[in-house]
Amino acid sequence: HLHGSCHCGAVEFEFDSSAPVPFMRCYCSICRKTSGGGGYTINIMGMSDTLQVTKGKDTVRSYRAVKNKSVPKSEQVLCQNRYFCPTCASYLWAHSEEWPEWIYPYASAIDTELPVPKQMTSIMLENAVEWADPRNIPGRDTGNEMFDEYPSYSLEQWHKDHSDI
């Protein structure tokens with residue numbers, strides 16, 4: 001059972017997760033621009049039917065980014081909802097209609113101590129900006145997995161494969 005909150009304390013939430021290891025960094029332009037920080041975001045996975053907003057439920061807002069703004073508006077597809085605190089702008093969790101059983105909390109919003117990953121996976125590197133691309137960082141750990149797009153496995157499958165963590 002995990003607890004999370006925004007920076008200003010206006011929103012608090014909790015949920016159950018069987019996939020709590022923050023191992024996957026997403027470098028897509030949406031994650032980079034909406035999450036701030038180091039040019040990527042890290043989501044974990046939780047069960048959506050266990051999500052409870054225990055403080056500030058009526059204040060939470062959401063944003064749906066366009067997956068590819070270079071195509072005509074009539075062909076644009078929206079991605080998952082990203083939920084955030086409107087007071088401090090902290091991103092809290094994402095939810096996709098494509099996978100309604102899951103939520104994808106931002107690891108940065110989780111207050112419960114999370115397990116330390118033994119390796120990192122970097123995805124959507126075809127969209128990474130040069131200054132944040134881990135392939136450009138001298139001395140980087142070459143044991144980490146790196147993908148131009150998505151890996152063939154899901155967050156859930158990774159946790160099953162790494163159950164020793």
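Taking all protein chains together, I110, I137 sort by accessible area into I137, I110, largest first [probe 1.4 Å]. Expressed as a fraction of 2.2 N^0.38 Å, the value expected for a compact globular protein of N residues, the C-alpha radius of gyration of the range 68-117 is 1.49. Straight-line reach from K118: taking Cα to Cα under 28 Å and skipping same-chain neighbours fewer than 8 places apart, the lysines in range are K33, K160. Computed in the context of the full set of protein chains, the accessible area of the range 1-124 at 1.4 Å probe radius has 50% of its extent on carbon or sulfur. Derived from the Cα gyration tensor, the three semi-axes of the equivalent ellipsoid of the range 12-62 are 23, 16, 8 Å, largest first. For the range 123-139, backbone nitrogen atoms closer than 13 Å to the point 7 Å from Y150 Cα along Cα-to-C-beta are found at 123-124.
Can you tell me the accessible area per residue over the chain, all protein chains present, probe 1.4 angstrom, in square angstrom? Kindly include the intermediate steps, with their values, before the conclusion.
Values: 9340 Å² over 165 residues.
Dividing the accessible area of the chain by its residue count gives 57 Å².
Whole-Hz Karplus values for the range 93-110 come out as 7, 10, 8, 10, 5, 5, 10, x, 7, 10, 10, 10, x, 6, 4, 5, 8, 8 Hz, taken residue by residue from phi with 6.51 cos²θ - 1.76 cosθ + 1.60 and θ = phi - 60°; glycine and proline positions read x.
The values are calculated or read from the model by the stated rules, or taken from the named source; none is laboratory data. The model shown is predicted, which means the values in this text are computed figures rather than measured ones. So basically every Cβ, Gly included, is an ideal-geometry build from the backbone, and we count neighbours across all protein chains shown. In case anyone asks, the SASA skips ligands and DNA or RNA and just uses the protein heavy atoms, side chains included. Shrake-Rupley method; radii C 1.70, N 1.55, O 1.52, S 1.80 Å.
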